[in-house]
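The values are calculated or read from the model by the stated rules, or taken from the named source; none is laboratory data. The structure displayed is predicted, hence computed values, not measured ones. Cβ atoms come from the backbone with ideal geometry, glycine included; neighbour counts cover every protein chain shown. Protein only, heavy atoms only, side chains kept; ligands, DNA and RNA dropped before computing areas. Shrake-Rupley method; radii C 1.70, N 1.55, O 1.52, S 1.80 Å.
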Amino acid sequence: MTYRDRYAEFYRQMEQDAAKLKENQKRIVLGYTSDLDVVLRWDAATFDEIVAAYLKEEPVLREADVIDSMDDFARIVSYHMIHGLGGEIDITNIEVCEFLEKRFHTEYALGGTCAQGAAALNTVGFPVLAHITDRSVEVCKLMSGAGLDTVTERGVVPMMESTSKELPVRHMILQYPKGATVQVNGKTYQAPVSNRLIMDYDTIHKTMPVRQAFFDYCEKNASQILVYCVSGLNGIIDERIMSKRIDELTEHYQIVKRNNPDCMVYLEGACYLNPALKNLAFDRLSQIVDLYGMNEEELVEHAGRFGMETDKESLPSILKGLRLLLEKYPVRGIILHTKDYAMYFGSKLACADIEKGLTVGNLMAGTRARTGRYGTYQDCLESMELPLSEDGIRFVEELNQIQTEEHVVIVPSRYMEHPKYTIGLGDTFMAGCLTAFIR
């Protein structure tokens with residue numbers, strides 16, 4: 001049995017779903033963090049010069065690594081490139097930021113999983129309610145679309161009416177292309193895929209503050225919320241702060257669910273600056289959230305902590321890893337997003353059209369990869385001319401030969417060998433996936 005391409009069908013539903021949300025005054029809610037991304041435009045000659053000057057040892061990534069010098073930068077970025085990895089890591093020395101901004105051409109973009117997801121959904125016409133931490137003018141301007149609102153002490157307001165006078169929180173992002181080379185001790189390595197490394201000089205997200213007015217509004221108006229998508233815990237590095245935030249979030253979600261049992265809470269994973277706290281967050285929040293979202297690198301990392309090796313190229317191995325995670329973190333399901341396919345693994349959800357969510361998520365992420373921006377409705381139509389991933393189709397066909405107790409759905413992505421952009425693709429996919437819950 002081959003894959004049945006339903007992209008056109010679900011694409012046509014996007015406008016109808018957006019209109020339905022507005023008419024019924026239902027809400028997609030996203031929280032909690034935002035920042036201003038400083039995107040370093042890839043320059044092979046500049047990177048080669050930095051590696052030649054500062055790479056003093058073999059590229060390696062250590063537990064709880066940080067970038068405190070250009071030596072650290074050269075070592076850590078080279079390691080990520082050689083292995084084709086994306087990730088997130090702390091910068092602890094402002095001089096590193098200043099050096100990178102001088103050496104690379106830069107552009108500024110919206111950062112933060114929920115902020116990017118909200119902007120992506122709003123660009124294709126969906127009304128969204130979002131909580132952000134960095135409310136600088138620079139960030140709010142990037143989230144100023146009609147229907148993209150937040151909550152202040154005055155109630156629900158357009159994002160631009162919530163601005164603060166503070167300077168933006170900057171995250172440095174280096175996106176490297178497939179085939180980029182790294183010279184190490186006379187050897188030449190090539191990046192096997194395109195990816196990006198996020199480097200944070202950031203203190204606000206070490207505590208991830210959430211405004212009480214936002215909590216209060218969501219609890220009081222829970223009946224309006226179809227899905228509540230949360231992220232941002234990954235910046236916390238202190239276990240006591242993490243435990244306190246989880247206590248607050250757990251109590252909050254319990255109230256929301258008590259007031260609206262049908263509201264789905266979706267936790268999107270990320271690269272945690274303190275990896276030890278990822279298990280704490282996932283373990284405790286699995287008692288209250290419904291869904292986890294992650295990419296294949298996070299799946300391998302999670303399963304590896306429980307002693308299981310996962311082969312990203314093997315469907316049986318991936319299914320085995322997902323089954324292990326559901327045993328350890330008993331949520332209703334896991335949504336896995338990769339460059340070749342998106343997958344749902346878990347219980348069958350009566351409240352959602354999971355195939356629609358995976359398809360729209362793929363389409364929106366593929367459009368961002370193709371255009372370098374959050375795609376409009378017309379942009380998404382043009383992205384359907386891209387071919388389906390052959391590896392994604394292969395996984396669909398393999399799944400038909402595998403018996404599973406869990407409900408499993410796989411949708412091949414619209415594939416590009418050389419994407420124009422790799423930043424925020426997971427966040428954009430997540431945003432599109434939330435349309436599964438518009439009923």
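Data table
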read-out: Per-region count, region 342-364, residues at pLDDT 95 or above and either more than 22 Å from Gln403 (Cβ to Cβ) or touching a Lys or Arg at 6+ places or on another chain (Cβ under 9 Å) (or both); value: 16
read-out: Single match in Ala8, Ala18, Ala115 (criterion: open to solvent by less than 50 Å² (accessible area, probe 1.4 Å), under 23 Å from Asp134 (Cβ atoms) and of a type in the set (A, V, I, L, M, F, W, C)); value: Ala115
read-out: Failed item in (1) of a type in the set (S, T, N, Q); (2) farther than 30 Å from Ala352 by Cα; (3) at pLDDT 95 or above, with Ser314 passing the rest; value: (2)
read-out: Only listed residue being of a type in the set (Ser, Thr, Tyr), assigned to a helix (DSSP H, G or I) and within 22 Å of the chain's Cα centre (by Cα), chosen from Tyr108, Tyr79; value: Tyr79
read-out: Given (1) outside any loop (DSSP other than H, G, I, E, B); (2) modelled with pLDDT under 95; (3) more than 18 Å from the chain's Cα centre (by Cα), number of the condition His171 does not satisfy; value: (3)
read-out: First in region 385-404 and closer than 18 Å to Arg6 by Cα, second anywhere and open to solvent by 50 Å² or more (accessible area, probe 1.4 Å) and assigned to a helix (DSSP H, G or I), Cβ under 9 Å, 6 or more apart; value: Leu386/Arg370
read-out: Per-region count, region 118-141, residues open to solvent by 10 Å² or more (accessible area, probe 1.4 Å), among the polar types (S, T, N, Q) and over 20 Å from the mean Cα position of the chain (by Cα); value: 0
read-out: Condition broken by Met208, with the remaining ones in (1) at positive phi; (2) surrounded by fewer than 18 Cβ atoms within 10 Å (Cβ to Cβ); (3) modelled with pLDDT of 95 or more satisfied; value: (2)
read-out: When residues of region 142-166 are limited to those that are assigned to a loop (DSSP other than H, G, I, E, B) and under 16 Å from Asn122 (Cβ atoms), the one least open to solvent (accessible area, probe 1.4 Å); value: Met143
read-out: Given (1) of a type in the set (Ser, Thr, Tyr); (2) closer than 30 Å to Lys102 by Cβ; (3) in contact with a Gly (Cβ under 9 Å, 6 or more places away or on another chain), index of the condition Tyr228 fails; value: (2)
read-out: So Ile318, is it in a helix (DSSP H, G or I) and either within 20 Å of Leu226 (Cβ to Cβ) or hydroxyl-bearing (Ser, Thr, Tyr) (or both); value: no
read-out: Test: Ile335 is surrounded by 16 or more Cβ atoms within 10 Å (Cβ to Cβ), in contact with a Leu (Cβ under 9 Å, 6 or more places away or on another chain), at pLDDT 95 or above and not in a helix (DSSP H, G or I); value: yes
read-out: Lone unmet requirement of (1) under 20 Å from Asn93 (Cα atoms); (2) crowded, with 20+ Cβ neighbours inside 10 Å; (3) aromatic (Phe, Trp, Tyr) for Tyr54; value: (2)
read-out: Positions within region 119-141 being part of a helix (DSSP H, G or I) and touching a Phe, Trp or Tyr at 6+ places or on another chain (Cβ under 9 Å), in sequence order; value: Ala119, Ala120, Leu121, Asn122, Thr123, Glu138
read-out: Meets criteria (of a type outside the set (Lys, Arg), buried (at least 22 other Cβ atoms within 10 Å of the Cβ) and outside any strand (DSSP E or B)) for Leu61; value: no
read-out: Any hit, region 368-380, residues being closer than 20 Å to Phe126 by Cβ, in contact with a Gly (Cβ under 7 Å, 6 or more places away or on another chain) and open to solvent by less than 30 Å² (accessible area, probe 1.4 Å); value: yes
read-out: His418 vs. criteria at pLDDT below 95 and surrounded by fewer than 17 Cβ atoms within 10 Å (Cβ to Cβ); value: yes
read-out: Single unsatisfied condition, Glu239 versus (1) within 26 Å of Ile67 (Cα to Cα); (2) of a type in the set (Asp, Glu); (3) open to solvent by less than 50 Å² (accessible area, probe 1.4 Å); value: (3)
read-out: Selected residue [touching a residue at least 24 places away in the same chain (Cβ under 8 Å), farther than 24 Å from Tyr377 by Cα and part of a loop (DSSP other than H, G, I, E, B)] from Thr33, Thr46; value: Thr33
read-out: Selection count, region 324-344, where residues are farther than 28 Å from Leu381 by Cα and either touching a Pro at 6+ places or on another chain (Cβ under 8 Å) or of a type outside the set (Asp, Glu) (or both); value: 9
read-out: Pairs with Cβ under 9 Å, 6+ apart, first in region 228-255 and on the phi < 0 side of the Ramachandran plot, second of a type in the set (Lys, Arg) and not in a helix (DSSP H, G or I); value: Tyr228/Arg27
